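What follows is a single structure, written as structure tokens, with notes after it.
The values are calculated or read from the model by the stated rules, or taken from the named source; none is laboratory data. The shown structure was predicted, so the numbers you read here are calculated from the model rather than taken from an experiment. Glycine also receives a Cβ, built like all others from the backbone with ideal geometry; neighbour counts cover every protein chain displayed.
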Amino acid sequence: MRNALLCLFLALSPLASGEPWHVVGDEQFAPYSFVAVDSDTPQGLDVELVNAVLDEAKVAHTLRLYPWERVKRMLDRHEAQMAFQFAGTPERMAQYELAGPIRTGSTVFMTSHKTAIRDWQRLDDLAPYVIGQVRGYAYESTFDQADLARDTSAQNPRQLVSMLLAGRIDIIVGDRTQLLYFVREQRAQDNVRILPHPLVEMPRYVAFAKGDQARARLFGDALRRLQDSGRLQAIYKRWE
């Protein structure tokens, strides 16, 4: 009887029935996930990675990009089965079932030439400055909990870079590749500098609702197969 009930449960589950997954990601996270002005098609390194892994897992899915706060709400309300990209912090691991990482990024501090700071060793070194960060983002646990002056009015990293260039904040924090992408977009490479000491080398994960271990395992197994075979290298290289 017990085995019969288990078989019935598996037969009726979305994994067995082939019900498409609704996958969501951040629409303002270039070059990892974004929507171009002239197209509604999701683009970016992480978009291609996620699609490749789900194709390997033979999972039918739709992928859409939204503002980050909405992405988290959709996952929390079970309006989406999977979301990306999440920092691998203890807080995120407690909130969700994480699978991955799909990549690792260097989280750094960027400032303008008007600011005196040249580098930092302890978070206390940042105390005299206002640090800009995107509302709702997790960066690194100790930093996230530190008693520092913060401006969290930015809704996305592009806005954060614009605020730094306008002199509204002293320092911003974020993914190195991403911040430089938006700086180059505004042709402002000569106006900023990155502090030599990174905050953290942060792995990036996809997330599922807490308890949804079956989907997380399915994604993780497919990701490992692609990593072991080297088939993701062409995607990484295309976005270097």
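Yes or no, residue by residue, for (1) assigned by TED's automatic domain parsing to the domain that holds Ala214; (2) at pLDDT below 95:
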position: Val59; (1), (2): yes, no
position: Gln81; (1), (2): yes, no
position: Phe84; (1), (2): yes, no
position: Tyr96; (1), (2): yes, no
position: Ala116; (1), (2): no, yes
position: Asp124; (1), (2): no, no
Fill in the blank from the handout: The strands (runs of 3 or more DSSP E) lying entirely within the stretch 142-240 that contain at least 3 residues which are of a type in the set (Gly, Ala, Ser) and surrounded by 13 or more Cβ atoms within 10 Å (Cβ to Cβ) are none
Handout entry: Residues of the stretch 48-95 classified as part of a helix (DSSP H, G or I) and of a type in the set (Val, Ile, Thr), total
Key = 3
Problem - Val173 vs. criteria over 23 Å from Gly88 (Cα atoms), in contact (Cβ under 8 Å) with a residue 40 or more places away in the chain and not polar (S, T, N, Q) - result: no
Problem - Failed item in (1) over 25 Å from Ile194 (Cα atoms); (2) crowded, with 18+ Cβ neighbours inside 10 Å; (3) in contact with a Leu (Cβ under 9 Å, 6 or more places away or on another chain); (4) at pLDDT 95 or above, with Gly44 passing the rest - result: (1)
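Given the condition polar (S, T, N, Q) and part of a helix (DSSP H, G or I), answer yes or no: does some residue in the stretch 111-134 qualify? Break it down stepwise before answering.
Quick first cut of the stretch 111-134, residues polar (S, T, N, Q) only: 111-112, 115, 121, 133.
Now drop any that are not part of a helix (DSSP H, G or I), which leaves none.
Within the stretch 111-134 (the criterion being polar (S, T, N, Q) and part of a helix (DSSP H, G or I)), the answer is no, since none of the residues qualifies.
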Fill in the blank from the handout: Exactly one of Leu226, Leu195 is out of contact with any Phe, Trp or Tyr (no Cβ under 8 Å at 6 or more places or on another chain), in contact (Cβ under 8 Å) with a residue 24 or more places away in the chain and over 16 Å from Gly88 (Cα atoms), and that residue is Leu226
